[in-house]
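Single-structure report; data block below.
Derivation of every value follows stated rules applied to the coordinates shown; laboratory data play no part. None of the values given here were measured: they were computed from a predicted structure.
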Amino acid sequence: MKKIIAALCISCASIGYSAAQNVNQNIVDKAQGAASAVSQTLSASSTALDKVNESMMKNMSVKMSGNADVDFIKMMLAHHKGAVDMAEVELQYGKDPEARKLAETIISAQQKEITEMQDWLKKHDSQ
């Protein structure tokens, strides 16, 4: 009887995990679809930012490994790369000196952290 209960618990847990993954992917898919629809009527800079955001959201949807450290670093890596891409769009289209300076600062800081995270993953990610 204990084996049956244990098997049922494991089955329920795996179904719950699978359902959560599907919900997360559905949210990302809907957000990407809405972003694509909006970009059709926007300026070149808005379209570029929309594409960067869509890519970042897709890349942040990593397959969870069960290792909080690895999952965190992988998601933050995608987030930081997205921030760099957004800052590059600002440098391409933006006119305000303060916003452009902030974009340059973001690129510099995020690139350093991207390198740190990539180095960390090389040491800790066994996948």
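Going through the cross-link list Lys95/Lys123; Lys95/Lys122; Lys101/Lys123; Lys63/Lys95; Lys74/Lys101; Lys63/Lys101, which pairs have a Cα-Cα distance over 31 Å in this structure?
Going by Cα-Cα distance, Lys95/Lys123; Lys95/Lys122; Lys101/Lys123; Lys63/Lys95; Lys63/Lys101 fall outside the 31 Å limit.
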Excluding residues fewer than 8 places away in the same chain, name every one of the aspartates and glutamates whose C-alpha is closer than 15 Å to that of Lys112.
-> Asp85, Glu104
